[in-house]
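What follows draws every value from the coordinates through simple rules; no lab data is involved. Everything numeric here is computed off the predicted structure, so don't read it as measured data. We place every Cβ from the backbone using ideal geometry, glycine too, and count neighbours over all the protein chains shown.
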Amino acid sequence: MKRIFFTILHKLRLTRLAAWCNRKRVIILCYHGVTERLNRHPNDPAGLHIRADRFEAQLNYLRRHYQVISLAKFLEARRTNAPLPNHSVVLTFDDGYRNFLTGALPRLAEREMPASVFLITDRIPDESQSNHAWSELDDETFLSWDEVRELHQHGVEFGSHTCSHRKLSQIAASDAEHELRISQQKICGHLSQTVMPLAFPYGAYSDAVVAMARELPYTCALTTDAGTNGPSTDLFLLRRNLIGDNDNEALFAARVSGLTALFQKAIKKNRSTN
């Protein structure tokens, strides 16, 4: 039903209208992986790993209608109050699956589109694979430290997705602080940098967790709360729109325009008043 609804809106060009209304605001998209499989993996019922042909179609749509910028450029513009291009979009990838290297990166590089990857440090293997061609294992394994360093040297931005990917809002404060601090230290140690962005695992956060992130050397924190980001959006509560394998062009267009977030807020408000 949702796909039919947004397909109708797309054909009526209402998604393009929504995109125009949000042209001064920044849209951040949240991916997880890109797979060469023809059919979805049985261990991925939610479709977090997008099939390559669908991912390519989404990138081509962005190239036609949007300006893909890096997260670092967005943050620098916020820091200096500098203008950004209309219809700016930031691409992020959570978890650090190896299929970012073998599935996503070649397609991003072909279109000269930057991306940021958020690493779960406990899952990073020490040894690298020699083959950079996609394999089925890449959908279930993670980038090695050598691969992270290589990608970083070629312009990929990395951030923390904590050590173990636990919901920070549901664990003891001392454990949450450990997750934030140790993951940041490990990544900085391997990449010789002092600060980095953070993505909350599962998008889960609390006031206490956000306060911890502000105190540590993080530049920002990303949620999975759908929506757009303007000049006054809290940098430690940045909104992101989840993209999955179920998203056809119409639904993808609605997400990147900010239209789905608008409908979600309307539905939530209606439920709260009834």
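Here are the numbers for this structure:
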{"read-out": "Distance between modelled label sites at Ser164 and Asn43, nm, 7 Å Cα→Cβ extension", "value": "2.0 nm"}
{"read-out": "Modelled FRET efficiency - R0 22 Å, Gln185 with Ser232, Cβ distances, 0.05 increments", "value": "0.10"}
{"read-out": "Range of Cα positions in segment 143-248 per principal axis (Å), largest first", "value": "41, 33, 28"}
{"read-out": "Beta bridges per DSSP with both ends in the chain, % antiparallel, nearest 5", "value": "5 percent"}
{"read-out": "Proportion of all alpha-carbon pairs of segment 188-274 beyond 23 Å (%)", "value": "37 percent"}
{"read-out": "Share, in percent, of DSSP beta bridges within segment 82-188 that are antiparallel, nearest 5", "value": "10 percent"}
{"read-out": "Gain in span if fully extended, Ala82 to Arg149, counting 0.36 nm per residue against the direct Cα distance", "value": "21.1 nm"}
{"read-out": "For the chain, the fraction of alpha-carbon pairs in successive 5 Å shells from zero, as %", "value": "1, 6, 13, 17, 19, 18, 14, 9, 4, 1, 0, 0"}
{"read-out": "Whole-Å distance, taken between Cα centres, linking segment 150-174 and segment 66-91", "value": "22 Å"}
{"read-out": "Spatially proximal lysines relative to Lys11 (Cα-Cα < 30 Å; intrachain offsets below 8 disregarded)", "value": "Lys2, Lys24, Lys265, Lys268, Lys269"}
{"read-out": "Karplus-derived HN-Hα couplings along segment 225-234 (A = 6.51, B = -1.76, C = 1.60, θ = phi - 60°), whole Hz, x at Gly and Pro", "value": "6, 5, x, 10, 10, x, x, 9, 5, 4"}
{"read-out": "Cross-link reach list, aspartates and glutamates versus Lys167, counting only Cα pairs under 13 Å and skipping chain neighbours closer than eight places", "value": "Asp175, Glu177, Glu179"}
{"read-out": "Rel. contact order, % - alpha carbon contacts under 8 angstrom, at least six apart, the chain", "value": "23 percent"}
{"read-out": "Two-site FRET efficiency, Phe263 against His132, from Cβ-Cβ distance with R₀ of 45 Å, rounded to 0.05", "value": "0.65"}
{"read-out": "Phi-based couplings in Hz for segment 155-160 (Karplus 6.51, -1.76, 1.60; Gly and Pro marked x)", "value": "x, 7, 8, 10, x, 8"}
{"read-out": "Relative contact order %, segment 204-274, counting alpha carbon pairs below 8 Å whose residues are six or more apart", "value": "24 percent"}
{"read-out": "At R0 = 41 Å, FRET efficiency that the Cβ-Cβ distance of Thr141 and Lys2 yields, to 0.05", "value": "0.80"}
{"read-out": "Sequence-separation-based contact order of segment 121-274, relative, with Cα cut under 8 Å and 6+ spacing, percent", "value": "16 percent"}
